[in-house]
Amino acid sequence: MILAIETSCDDSAVALLDWDGRVIISEISSQVDLHKKYGGVVPEIASRQHLTTLPLLLRHIFDKHAVELSDLKAVAVTYAPGLIGSLLVGVSYAKTLAWVAGVPLVPVDHIEGHLLAPFLDEPNLKFPFLALVISGGHTHLIVAKGLGNYELLGKTMDDAAGEAYDKVAKLLGFQYPGGPIIEKLANDFSNPTISFPVPLKGRKSLDFSFSGLKTAVRNEAIKKGVYVEKERLISYEEFLKTPDNGKKSIIQDIAASFQRIMTKIIYLRFQEALRVTDLKQMVITGGVAANRGIRDCLTQLAEQENRDFFYPKLVNCTDNAAMIGWTALQHLKSGNIDYTDGITLNAASKSPISQMTVELQ
Ligand code: KG4
Ligand code: ZN
C-alpha cells in the first residue's frame, strides 16, 4: 500500500491506498477552530499545529488498521505549493518514514492532486478533459491532456476564488472559511438584488480576477452600514441566533449577490473554454468545487452543451491526502517521475503547475 501525507495549508491529512488506487482510509484533522476567529489561516499557527497533529493522526491510522512500516511500498507527500512551514512538517515526516521503511518517496504537486481528485470517485473520467482547479490558493483553468501533460488556459490575475469567498465573508463579519458560510447565507435568500460587475468583461482572455469584485462588495457593505473591520468574527450558526437589528437581510443580500456573480463568472469562463477547446469532458475540483450553487450551474451548462461533467465527492474537493496518494501512484506506475533521491527533497511555496503561464496560441 501507499501512505500519503498532505499538510500544505491548515489541514493535516493522511491516507492509505492500495496499489490499485482504492482508498483504504483517508482522514483529515481540521485546524479550522484555531484559525476561524482570524478570518483566514495564520501560517505560524498552522505549521506548529501540524507538528502536533500529524504524528497523532499517523499513529491513529497505523493502530486502527494494524499497519506496519513493512506494509508500505511507497510514501507520497505534498511538497508544493502552499505555506512553507506547513509543507516542511509533512515533507520531514514523509522523508523519515520513507527512509526508515526503505521505500520510494514520491513528491506530489498539490494542484495536480486537486486536478486528479475526480478520478477517486469517477471511474468514467478519462483524459483529455477541461478542468477548473478552484481553491483557497488557486484558480487555474487547465486542459489535462494526459498524466503530467497540462496546458494552462487561464488563471487568476490576483486573488484566488476561495480567497475572495473568505475575504468577503470576513468583511461581512464571518469566520474562516468563508465559502461554506456565504453559500448558506445565499441559500437562505432567494432574490439577491445587487448587480456586481463581471470582472474582465469583454476581454477575450480566459483569466480570472476577483480583487476588484471584492472591493465592490466592500464598498457596498460600507454603503449599507454592514462592513465589519475589527469586531469579533462569528459563525453562521451565531448569525442565525443573533437578534435582527435590521441588518441581517442586508448581509444576506450581499452574500447572495456575491454568490450569484461568482457562479456567473465561472459559468461564463467554462462556456468560453468549452468553445475554444471543444473538449467533451469538464471537471471542477478544489475547495470551491464544494459549492453546490456552482456545481448546479455547471451541470446545466454541461447539459446545454452536451458534455460530461465530473467533480469529486465533497470530502475530496477540499484538501485531503487521498488525492495525493492517487496522484503519486499514477506517476509511480507510469515511471515518468524521479523519486529515487527522496532524502534531498525540499518543500517549496510555489510549484511548476502553480507558475504555469498561458501559452499564446
Ligand atoms: O482546496 P482547499 O481545501 O484548500 C486550498 O488548497 O486552498 O480550499 C479551501 C477554500 C477556502 O477558501 C474555502 O472558503 C473554500 O475553499 N470553500 C468554499 C466552499 N467550501 C470550501 N467556497 C465556496 N463554497 C463552498 N461551499
Ligand atoms: Zn487545496
Report task. Return the only residue of L279, L298 being farther than 29 Å from E6 by Cα and either in contact with a helix residue (DSSP H, G or I) (Cβ under 7 Å, 6 or more places away or on another chain) or assigned to a loop (DSSP other than H, G, I, E, B) (or both). Result -> L279
Query raised in the report: In the set L153, L147, which member is away from ligand 1 (no atom under 16 Å from the Cβ), in contact (Cβ under 8 Å) with a residue 12 or more places away in the chain and touching a Leu at 6+ places or on another chain (Cβ under 6 Å)?
Result: L153
Report task. Tally the residues that are under 14 Å from K36 (Cα atoms) and in a loop (DSSP other than H, G, I, E, B), restricting the search to the range 173-191. Result -> 4
Query raised in the report: Taking the range 147-174, which residues are open to solvent by less than 20 Å² (accessible area, probe 1.4 Å) and either more than 16 Å from ligand 2 (Cβ to nearest atom) or acidic (D, E) (or both)?
Result: L152, G154, D159, V168, A169, L171, L172, G173, F174
Query - Sole residue being assigned by TED's automatic domain parsing to the domain that holds D20 and either within 12 Å of ligand 1 (Cβ to nearest atom) or closer than 26 Å to S211 by Cβ (or both), chosen from I142, I111 - result: I111
**Report entry** Filtered residues of the range 114-134 (kept if within 16 Å of ligand 1 (Cβ to nearest atom) and either under 19 Å from R22 (Cα atoms) or not small (G, A, S) (or both))
**Finding:** H114, L115, L116, A117, P118, L120, D121, L132, V133, I134
Report summary line: Filter the range 78-116 for residues that are in contact with a Lys or Arg (Cβ under 8 Å, 6 or more places away or on another chain) and open to solvent by less than 20 Å² (accessible area, probe 1.4 Å); the one that is farthest from ligand 2 (Cβ to nearest atom) is L105
Query - Answer from R260, R232, R292 - the residue that is open to solvent by 30 Å² or more (accessible area, probe 1.4 Å), away from ligand 1 (no atom under 16 Å from the Cβ) and either modelled with pLDDT of 95 or more or not aromatic (F, W, Y) (or both) - result: R232
Report task. Residues that are of a type in the set (S, T, N, Q) and closer than 24 Å to D338 by Cα: find the helices (runs of 4 or more DSSP H) completely inside the range 1-118 holding 3 or more of those. Result -> 84-101
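The values are calculated or read from the model by the stated rules, or taken from the named source; none is laboratory data. Note that the coordinates shown come from a computational prediction; the quantities given were computed from them, not determined experimentally. Cβ atoms come from the backbone with ideal geometry, glycine included; neighbour counts cover every protein chain shown. These area figures cover heavy atoms from the full protein model, side chains too; ligands, DNA and RNA do not enter into them. Shrake-Rupley method; radii C 1.70, N 1.55, O 1.52, S 1.80 Å.
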